[in-house]
Structure formats: C-alpha cells, structure tokens
Amino acid sequence: MLEEVMDRENKNTLSAEEIAKILPHRYPFALVDRILDYEPGTWAVGRKCVSMDELFFQGHFPGKPIMPGVLIIEALAQTGAVAALSLPENKGKIALFGGIKNARFKKQVVPGDVLELRVNMIRSKGPVGVAEAEALVDGKVATRAEITFSVI
C-alpha cells in the first residue's frame, strides 16, 4: 500500500510524546507507540509494540494471550487520525469512527509482536474521510479494513 513512500529519505517521525499532542488518547487506550512516517492529510505508518503487560491480556485470553481484533482496528484508526489531525486546520480536533468495512483478520497478534500500522486516506468530503488500513506483523498482513471517520 505505502511501500514507495516508506523508503523516502526525509521521514516525518513522531514519538509517543508527540503523538499525545495530536491525539486525545491516553493510557491504557493510546495504541500507537511511534509514527514512522506520515504525510499530513494523506497517509501514516505507525508502530505498536505488543507487550504481555497490556491490560487486555488479563482476560483475552488467560493462558493464550491474543490481541483483540477491535483493538488492532483502533490502533489503525489512531494511526490514521494522526494523518488527519496533523493538518493545520484540524489542530485540536478529534477524529471519531464513522464505520468499519471489509475488516479481515488473517493472523493472530500475540505478545512480542510488533504491529506495523499503515493507513492511506482514499477520499474525503468535508469532515468525513475514508481510509484503507492494514496491520502487518513481520511483513505479513494481520488485519485489513476500510475505515470511515469524521473530524469534529
């Protein structure tokens, strides 16, 4: 999806502290550890390091920890929100889910995995946008979906 632009020399990176200046999410719901590169309003690539210490592993599932698919989708949405909210006209706003379409879960995500979160905006009209999103582990697709959002 974003292979060509990911190899560019001058990357726009964001640390967890910088992400927190854009997104309102906080622990335990801040699900993006780093933005590896992004183009405001267009696309973003993030990283989530999945740790056994995640609160959701206490109940999902004891003895067989698997990251819930809805949280992978949320991590993708947060990555896309960085792209959307990094536009100057969206500073201080919030991106809300409007819909999830064609979500597919192809690989279990477990402690120790590093999720690469790729989100590419495909269309927008006013405050509403649609993005294609995929989460990869070791270069293999774990989750793919189309997400709709609204910036308020």
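Laid out as a table, the results:
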| item | result |
| --- | --- |
| Of all residues in the range 107-121 being in contact with a Ser or Thr (Cβ under 9 Å, 6 or more places away or on another chain) and not β-branched (Val, Ile, Thr), the one that is surrounded by the fewest Cβ atoms within 10 Å (Cβ to Cβ) | GLY112 |
| Per-region count, the range 98-114, residues in contact (Cβ under 8 Å) with a residue 40 or more places away in the chain and in contact with a Gly (Cβ under 8 Å, 6 or more places away or on another chain) | 1 |
| Hits in the range 96-152 - residues which are modelled with pLDDT of 95 or more and assigned to a loop (DSSP other than H, G, I, E, B) | LYS106, LYS107, GLN108, VAL109, VAL110, PRO111, GLY112, ASP113, PRO127, ASP138, GLY139, ILE152 |
| Count - residues of the range 28-40 that are open to solvent by 30 Å² or more (accessible area, probe 1.4 Å), touching an Asp or Glu at 6+ places or on another chain (Cβ under 9 Å) and part of a loop (DSSP other than H, G, I, E, B) | 2 |
| Every residue from the range 41-86 that is free of Cβ contacts under 8 Å to residues at least 40 places away in the same chain, in a loop (DSSP other than H, G, I, E, B) and hydrophobic (A, V, I, L, M, F, W, C) | PHE61 |
| Selection status of VAL82, open to solvent by less than 10 Å² (accessible area, probe 1.4 Å), among the hydrophobic types (A, V, I, L, M, F, W, C) and farther than 24 Å from ILE22 by Cα | no |
| Residues of the range 36-67 classified as of a type in the set (Gly, Ala, Ser) and under 14 Å from GLU116 (Cβ atoms), total | 2 |
| Which listed residue, of GLU74, GLU89, is surrounded by 15 or more Cβ atoms within 10 Å (Cβ to Cβ) and not β-branched (Val, Ile, Thr) | GLU74 |
| Unmet requirement for ASP33, which otherwise passes all of (1) among the acidic types (Asp, Glu); (2) in contact (Cβ under 8 Å) with a residue 40 or more places away in the chain; (3) within 21 Å of THR13 (Cα to Cα) | (2) |
| Complete set of residues in the range 122-152 that are within 19 Å of ARG47 (Cβ to Cβ) and open to solvent by 20 Å² or more (accessible area, probe 1.4 Å) | GLU132, ASP138, GLY139, LYS140, VAL141, ARG144 |
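Table: residues versus (1) among the acidic types (Asp, Glu); (2) farther than 19 Å from TYR27 by Cα.
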site	(1), (2)
ILE73	no, no
ALA95	no, no
PHE105	no, yes
LEU115	no, no
ARG118	no, yes
ARG123	no, yes
GLU132	yes, yes
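Rundown of residues vs (1) among the β-branched types (Val, Ile, Thr); (2) within 16 Å of the chain's Cα centre (by Cα), yes/no style:
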| position | (1), (2) |
| --- | --- |
| GLU9 | no, no |
| LEU14 | no, yes |
| ILE72 | yes, yes |
| LEU87 | no, no |
| GLY92 | no, no |
| GLN108 | no, no |
| VAL119 | yes, yes |
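The values are calculated or read from the model by the stated rules, or taken from the named source; none is laboratory data. Owing to the predicted nature of the structure, the values given are computational and were not obtained by experimental measurement. Glycine also receives a Cβ, built like all others from the backbone with ideal geometry; neighbour counts cover every protein chain displayed. These accessible areas exclude ligands, DNA and RNA; they are computed on the full protein's heavy atoms, side chains included. Shrake-Rupley method; radii C 1.70, N 1.55, O 1.52, S 1.80 Å.
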